[in-house]
């Protein structure tokens, strides 16, 4: 069992040095009270056998801290967007899929401590450990330390925010709302529909007040309308 009080020693152990180097390299943060980080990477499958604390409590804390940091980031990043838009993007960023992907890119499984040989979903384990490490950074360095880690390290190295936004934004709805505000008529016209041997391809034209604007292709009319709406918004200078 690893002692909770290893950080009182003057000389770091091999395990301590490994986790310090890993957190510094991947998160841009230098741990002070290393026991928080040992706990953050300890899965309950190991803690149950060795009477060690698992990362579940730190995961709970990290989840809440991460929510607050990302909410503040999005609030400042998108000053003209409403609460509904910000909520959708935040949900995308803190989803289990996104966190697991970030953790996988960070190769968190290198330092996660769990009972080998058991049937455990490593992607889920990594995503949970990521949140737990956020909790550890908060307890060790405070809220500002988590903000700095997320904004200046994690987002820059491991998150393609533009791609996530492109996946999430409903361009057709955005164009429809824009047209309503300007009191302009919005229409979509299917220019071509072609069977490509098992799938269809549609070419759609967006019209604003009967004037042709963006075009878009897709394997469904809905996808083609989204693509045409995106191009129209780009032509209008709205994105």
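The values are calculated or read from the model by the stated rules, or taken from the named source; none is laboratory data. Quick caveat: nothing in here was measured; it's all calculated off a predicted structure. We place every Cβ from the backbone using ideal geometry, glycine too, and count neighbours over all the protein chains shown.
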* Just give me the residues in the stretch 56-84 being in contact with a helix residue (DSSP H, G or I) (Cβ under 9 Å, 6 or more places away or on another chain), more than 27 Å from residue 39 (Cα to Cα), in a helix (DSSP H, G or I) and without any contact (Cβ under 8 Å) to a residue 24 or more places away in the chain, in sequence order. => 74, 75, 77
* To do: Starting from residues that are over 24 Å from the mean Cα position of the chain (by Cα) and surrounded by 15 or more Cβ atoms within 10 Å (Cβ to Cβ), keep the ones in the stretch 39-50 and report whichever is modelled with the highest pLDDT.
  => 44
* Asked: Of the residues that make up the stretch 151-163, is at least one within 27 Å of the chain's Cα centre (by Cα) and either at pLDDT 95 or above or outside the structural domain of residue 24 (by TED's automatic domain parsing) (or both)?
  -> no
* Asked: Within the stretch 214-231, can you find the residues that are part of a strand (DSSP E or B) and either without any contact (Cβ under 8 Å) to a residue 12 or more places away in the chain or closer than 13 Å to residue 172 by Cβ (or both)?
  -> 214, 216, 218
* Structure fact -> Apart from one, (1) within 20 Å of the chain's Cα centre (by Cα); (2) within 25 Å of residue 140 (Cβ to Cβ) all hold for residue 53; the odd one out is (1)
* Top-ranked residue of the stretch 209-228 - restricted to ones that are within 16 Å of residue 176 (Cβ to Cβ) and touching a strand residue (DSSP E or B) at 6+ places or on another chain (Cβ under 6 Å), ranked as surrounded by the fewest Cβ atoms within 10 Å (Cβ to Cβ) -> 221
* To do: Return a yes/no flag: does the stretch 113-131 have any residue that is out of contact with any helix residue (DSSP H, G or I) (no Cβ under 7 Å at 6 or more places or on another chain), on the phi > 0 side of the Ramachandran plot and modelled with pLDDT of 85 or more.
  => no
